[in-house]
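Peer 1: The structure's right below; bear with me while I get my questions together.
The values are calculated or read from the model by the stated rules, or taken from the named source; none is laboratory data. Not measured: the values here are computed from a predicted model. Glycine gets a Cβ as well: all are built from the backbone with ideal geometry, and neighbour counts include every protein chain shown. For the accessible areas, the whole protein counts, side chains as well, though only heavy atoms, and no ligand, DNA or RNA atoms are used. Shrake-Rupley method; radii C 1.70, N 1.55, O 1.52, S 1.80 Å.
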Amino acid sequence: MDYIINQFKEVPTTCISDAMDGLNNLDSAIKPLKEEYKFAGRALTVKMPVGDNLAVLKAIRQAREGDVIIIDTKGNSYRGIAGDFVVGMMQTLGVSALVVDGAVRDVVGIKELNFPVFCKSTAVAASGKAGVGELNVPISCGGVSISQGDILVGDADGVVVVPQSQAETVLKKALQKLRKDEEREQKISGNPEAIKEYLDSMINKTAK
């Protein structure tokens, strides 16, 4: 796995989002099935029509170790695009995570796998397999445009998309933001006077 992915794994999505001025966050409704899930990887994009998930199976077959399968379902939440069996195949073949702007099903079984699944909702109905869909094409998922190879990072706060052409710049800014946040925390945490001084500086800065 390339070094930049490993570095993004250590950075909270909040810092990455701040490094991009909050412009590349997926819809906040797309959340992990378990709060502790965290991932970083390159996008393998899937465009599928509502209710037909054969393209998802094709994506699993084509995925390289470490890929994140991200699926554009047009936001449909009635039919689950995958259950625990399909997600288990992703896990066995080394996929890093599944992100979808729709639903999954067999939620208890998926949670038992401890595999990062980020979705909008859960469902009872299954998808069919008519065979329509596309892989490795630009998609829109959760209100963000995503291309194959873009970097996706997810944690309890949500999912952010880093365009691959901006990866180095965004990583540098995100690491700087993380260090700044850590230094601020060390300086003022538990110190009433330092907190008041910080609040005053922020209020005065905003008032100018």
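Peer 1: Can you pull out the residues in segment 111-132 that are over 16 Å from Gly75 (Cβ atoms) and either out of contact with any Leu (no Cβ under 6 Å at 6 or more places or on another chain) or open to solvent by 40 Å² or more (accessible area, probe 1.4 Å) (or both)? Break it down into steps so the answer makes sense when it comes.
Peer 2: From segment 111-132, those over 16 Å from Gly75 (Cβ atoms) are 111-117, 124, 126, 128-132; that's our starting set.
Hits for segment 111-132 are Lys111, Glu112, Leu113, Asn114, Phe115, Pro116, Val124, Ala126, Gly128, Lys129, Ala130, Val132.
Peer 1: Next question, about the same structure. Tell me which helices (runs of 4 or more DSSP H) are completely within segment 1-76 and hold 1 or more residues being modelled with pLDDT under 95 and under 28 Å from Arg105 (Cα atoms), or say none if there are none. Don't jump to the end; show me each part of the working.
Peer 2: Details: elements: 3-8, 13-19, 54-62.
The helices (runs of 4 or more DSSP H) meeting that bar are 54-62.
Peer 1: Quick one: which of Asp150, Asp157 is farther than 15 Å from Val46 by Cβ, surrounded by 14 or more Cβ atoms within 10 Å (Cβ to Cβ) and among the acidic types (Asp, Glu)? Show your work before the answer.
Peer 2: Details: Asp150 fails: farther than 15 Å from Val46 by Cβ.
Every option except Asp157 fails the conditions.
Peer 1: Being outside any loop (DSSP other than H, G, I, E, B) and either open to solvent by 20 Å² or more (accessible area, probe 1.4 Å) or farther than 19 Å from Gly142 by Cβ (or both) is the filter here, so list the residues in segment 91-109 that pass it. Outline the logic, then answer.
Peer 2: Pass one, segment 91-109, residues outside any loop (DSSP other than H, G, I, E, B): 91-92, 97-100, 103-104, 107-109.
Gln91, Thr92, Val107, Val108, Gly109 - these are the residues of segment 91-109 that are outside any loop (DSSP other than H, G, I, E, B) and either open to solvent by 20 Å² or more (accessible area, probe 1.4 Å) or farther than 19 Å from Gly142 by Cβ (or both).
Peer 1: Another one. Within segment 118-129, is even one residue in a loop (DSSP other than H, G, I, E, B) and farther than 20 Å from Ile30 by Cβ? Break it down stepwise before answering.
Peer 2: Narrowing segment 118-129 to residues in a loop (DSSP other than H, G, I, E, B): 120, 123-124, 127, 129.
Keeping just the survivors that are farther than 20 Å from Ile30 by Cβ gives 129.
Yes, there is a match, as at least one residue in segment 118-129 is in a loop (DSSP other than H, G, I, E, B) and farther than 20 Å from Ile30 by Cβ.
Peer 1: Can you tell me how many residues within segment 19-37 are within 20 Å of Ile146 (Cα to Cα) and surrounded by fewer than 18 Cβ atoms within 10 Å (Cβ to Cβ)? Before you say what the answer is, go through the steps one by one.
Peer 2: Of segment 19-37, the ones within 20 Å of Ile146 (Cα to Cα) are 19-32.
Filter once more, keeping what is surrounded by fewer than 18 Cβ atoms within 10 Å (Cβ to Cβ): 21-23, 27-29.
Looking only at that region, the number is 6.
Peer 1: Here's something else I'd like to know. Among the residues in segment 191-204, are any surrounded by 12 or more Cβ atoms within 10 Å (Cβ to Cβ) and in contact with a Phe, Trp or Tyr (Cβ under 8 Å, 6 or more places away or on another chain)?
Peer 2: For segment 191-204, residues surrounded by 12 or more Cβ atoms within 10 Å (Cβ to Cβ) and in contact with a Phe, Trp or Tyr (Cβ under 8 Å, 6 or more places away or on another chain): absent.
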